[in-house]
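Derivation of every value follows stated rules applied to the coordinates shown; laboratory data play no part. The structure displayed is predicted, hence computed values, not measured ones. Heads up, the Cβs are rebuilt from the backbone with ideal geometry, glycines too, and the neighbour counts pull from every protein chain shown.
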Protein chains: 2
Amino acid sequence: MTTRVAVDALGGDHGSHEIVAGALEAAADGIRPIVFGPDGLDTGGLDHVVTDGEIAMVDKPAEAVRARPDSSLVRAVRSVADGAADAAVSAGNTGAILAASLRHVRRLPGVYRPGIAVMIPTRRGPSVLIDAGANADARPEHLVQFALMGLLFAEEVLGVASPRVRLLSIGEEPEKGNQLALEAHALLRASGLPFDGNTEGRTLLEGEGEVVVADGFTGNVALKTLEGTIRSVLGALREEAEGSLQARLGGLLIRPAARGLRARLDPETYGGAYLLGLHGIVVIAHGSSSRRAVANAIRLAARGVEHDLVGRLARRLQAPVERPPE
Amino acid sequence: MTTRVAVDALGGDHGSHEIVAGALEAAADGIRPIVFGPDGLDTGGLDHVVTDGEIAMVDKPAEAVRARPDSSLVRAVRSVADGAADAAVSAGNTGAILAASLRHVRRLPGVYRPGIAVMIPTRRGPSVLIDAGANADARPEHLVQFALMGLLFAEEVLGVASPRVRLLSIGEEPEKGNQLALEAHALLRASGLPFDGNTEGRTLLEGEGEVVVADGFTGNVALKTLEGTIRSVLGALREEAEGSLQARLGGLLIRPAARGLRARLDPETYGGAYLLGLHGIVVIAHGSSSRRAVANAIRLAARGVEHDLVGRLARRLQAPVERPPE
């Protein structure tokens, strides 16, 4: 069966043309993208659901979702709830994607809050950071659920055999952290989940744990600091490499070797982040996504469907967590 | 008058020999380091205060400070309160430096909490991140004081003419953030301080604001993510540049151009962070400090004394903040 992925054609910084181009790229892999966008949009032959209205990046999420039920963003997300699509991808307003998902796709039984799970390209392969920004304020028990969701993501989608969890904090010792981190640490320790204690931001690219949990505020700050620092450092190096003839020659010679690293560190390689904890797969793509990033976000969505991430998560949430022997 | 800087000879990861070497380097600049360390320590001719006991990185800060009043760390910090030194530098247990400072150097009148102010090497020159980890849990009004302290640091020590403040959050819009950030944003807006709104972690190296404020948990996570990412990216590039003969040649050619960038991004260039809001200057150096980092931390401490950072801060805290005209 071909996986049908609803794609919101509006909302990306590069316009609907770029989004459609990404959808066409993903379609070549045997995925069936369904493009949600305004009348007259050229979808290059892809299925087209005509929508009316757009939610902008600056709109207030909950209000906009209520006021524009026929916008491309809301319709794309809603199609997952309707069964018209198996998953949805949007590069639009993150808050609005979250609000539309909560309203239409709804939370799985037992889920306190959905979490944004994003892949981090570590030295040892991809790891998962969750929550990367769905919930600015969280309670300790939310972080335990994020850990559970992240573990399933790592096992099913990343194919990690026995993933382990770390809590993002300000020191490795259990007593380091703010009140939320201290309580989350204690709950994770008692949860029976494979928990290895705290980790610091400095290890994010080193891959100490396959799953790193945080509240959405801390996770989002860490993710943006990580992405921004990669971009700033590579950008500054590129500038230096243009400063003199010698440096330019050096840059040319080193380029093939650096290509693999650049590809690994490029957020577009993953394309998007799962919003986990819902009755369906929703992928949030970067607003600045190129066609390649959009295609990868659609592939990520399809992979979640193929691995029945939602069904597995629903079963895992109902099963009591097994305690390891003392 | 020569500035006297108390230097804790213990606590660095590289041993007291490295710390003393750094102190000797700073002494060549006309600063007068006073080395606090055990009997028999070779201080290379520098003043030596003999101390008894050591506080380890893993010790519980408050307990250790109470139990070991004659340790090098506590004695060095206490010498600032006694007037035996003008400032203190330690590469030891951060929590213990904070506890000893609160106990002996004490807060300036009106200061809720001291904050750790660290320099961030942005494209546009150094900026200040405060609080980088003194207070894992903070209240909104603490962040306003951190802003005030950071502004003074930027003006006096970094020589920035009209520094501006940003709040570290998860989006530029005022309504983006957790509860603490939302409330801090409103207070900063009303404070009369030169506040330009929120900033995200992605801009930390770009230098959007000269002063970036955060609670100590978020600030510490961001700082460590920043430092760790710089190290990971540069390390990975170095590895790539050793992968083939061609890449190795490219690396050699590019090295002189990259040297300036490496120096800028190296935390050792600054050497340490101020603990601001006290009746004296205390500088916290990285545990992993080399002699160069120690020397720079001592220079930073001396600069704070020469600019009367403490006196200016005390006066600023008493003066009502001027409101800009509506």
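What does the charge count around B:V157 come to, taking other residues whose C-beta lies under 13 Å from its C-beta (Lys +1, Arg +1, Asp -1, Glu -1)?
Overall, the nearby charge balance is -2.
Net charge near B:N296: determine it from the other residues with C-beta under 14 Å of the C-beta of B:N296, scoring Lys and Arg +1 and Asp and Glu -1.
0
Of A:H185, A:V212, A:A136, whose Cα points farthest to the positive end of the dipole of region A:118-269 (charges on the beta-carbon: +1 Lys, Arg; -1 Asp, Glu; origin at the Cα centre)?
Farthest towards the positive pole: A:V212.
Can you put B:R123, A:R292 in order of Cβ neighbours within 10 angstrom, beginning with the fewest?
In order of increasing Cβ crowding within 10 Å: B:R123, A:R292.
Let me know the volume per residue of the alpha-carbon convex hull for the protein assembly as shown, in Å³.
176 Å³
Go ahead and estimate [θ] at 222 nm for chain B from helices alone: -39,500 (n - 2.57) per DSSP H run with n ≥ 4, summed, over the residue count, rounded to 500.
Mean residue ellipticity, 222 nm, calculated: -13500 deg cm²/dmol.
How big is the shadow of the Cα convex hull of region B:146-223, averaged over all directions, in nm²?
For the Cα atoms of region B:146-223, the hull's average projected area reads 4.8 nm².
Any idea what the dipole of chain A comes to, in debye rounded to 20, about its Cα centre with Lys/Arg Cβ at +1 and Asp/Glu Cβ at -1?
So the dipole magnitude of chain A works out to roughly 300 debye.
Treat the count of other C-beta atoms within 10 Å as a stand-in for reagent exposure and order A:D52, B:D47 from fewest to most.
Exposure proxy ranking, most exposed first: A:D52, B:D47.
Sort B:M149, B:M1 by Cβ crowding within 10 Å, fewest neighbours at the top.
Ranked by crowding around the Cβ, least crowded first: B:M1, B:M149.
In whole Å and largest first, what semi-axes does the C-alpha gyration tensor of region B:119-268 yield when each eigenvalue is scaled by 5 and square-rooted?
Equivalent ellipsoid of region B:119-268: 34, 16, 12 Å, largest first.
In a solvent-free Debye calculation with one equal scatterer on each Cα, what is log10 I(q)/I(0) for chain B at q = 0.09 Å⁻¹, listed in the order of the q values?
-0.47
Would you mind telling me which residue in A:E240, A:E54, A:E141 has the biggest mean-square fluctuation in a Gaussian network model of chain A, where springs connect alpha carbons within a distance under 10 angstrom?
A:E240
Let me know the volume per residue of the alpha-carbon convex hull for region B:7-145, in Å³.
142 Å³
What's the FRET efficiency of A:L158 with A:D52 using the Cβ-Cβ distance as r and R₀ = 41 Å, to the nearest 0.05?
Once rounded, the FRET efficiency stands at 0.60.
In straight Cα distance, which lysines are under 25 Å from A:K176, not counting same-chain residues fewer than 8 positions off?
Of all the lysines, those that pass the test against A:K176 - Cα under 25 Å, at least 8 places apart if same chain - are A:K224, B:K60, B:K224.
Any idea what diffusion coefficient region A:195-295 gets from Stokes-Einstein, in µm²/s, Kirkwood Rh on alpha carbon pairs, 20 °C, 1.002 mPa s?
Taking Rh from Cα pairs, D becomes 132 µm²/s.
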